1. At 1.4 Å probe size, with every protein chain present, just tell me what the per residue accessible area of the chain comes to in Å².
2. Packing-wise, with mean Cβ within 10 Å as the measure, how do 34-43, 6-15 rank, highest first?
3. Which of the helices in the chain meet the span-like rule: DSSP H, Cα axial reach of 24 Å or more, Kyte-Doolittle mean at least -0.5?
4. Please say if the chain is rounded, prolate or oblate, where rounded means a/c under 1.5 for a ≥ b ≥ c the square roots of the C-alpha gyration tensor eigenvalues, and otherwise the choice is prolate for a/b larger than b/c and oblate otherwise?
5. Given the rule -39500 (n - 2.57) for each run of at least 4 DSSP H residues, summed and divided by the residues of the chain, what is its mean residue ellipticity at 222 nm, to the nearest 500 deg cm²/dmol?
6. Rank by packing, highest mean first: peptides 18-31, 47-60, with packing defined as the count of other Cβ atoms within 10 Å averaged across residues.
7. Stretch TYR58-SER10 to full length: gain in nm at 0.36 nm per residue minus the Cα-Cα span?
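The values are calculated or read from the model by the stated rules, or taken from the named source; none is laboratory data. Note that this is a predicted model, so its numbers are computed, not measured. Note that we place each Cβ from the backbone using ideal geometry, even for glycine, and neighbour counts take in every protein chain shown. Accessible surface areas use protein heavy atoms only, side chains included; no ligands, DNA or RNA. Shrake-Rupley method; radii C 1.70, N 1.55, O 1.52, S 1.80 Å.
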Amino acid sequence: MVLGVFVMTSFLGLPLAFLLQLRFLEMLGVTVLPVIDSIVTGFLISGGTKPLHDLIKYIEKAKG
């Protein structure tokens, strides 16, 4: 069941990131190929708000 939900949300998150050219890593100042950035961003989108929120809080805390 969980795997099915992940696959379904990935089918939404990945194309969304590519079509809208969303680049989460670029916003963080991480330099990678745009296609890699879009893939990571798509999976972050498909993961939902809680993991993404936790990641942002961790990055903010690490920056000081």
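1. Here the per-residue accessible area is 77 Å².
2. Descending mean neighbour count gives 34-43, 6-15.
3. 2-19
4. Note, shape of the chain comes out oblate.
5. Value at 222 nm, helices only, nearest 500: -25000 deg cm²/dmol.
6. Output ranking for 18-31, 47-60: 18-31, 47-60.
7. Going from the current span to full extension adds 14.9 nm.
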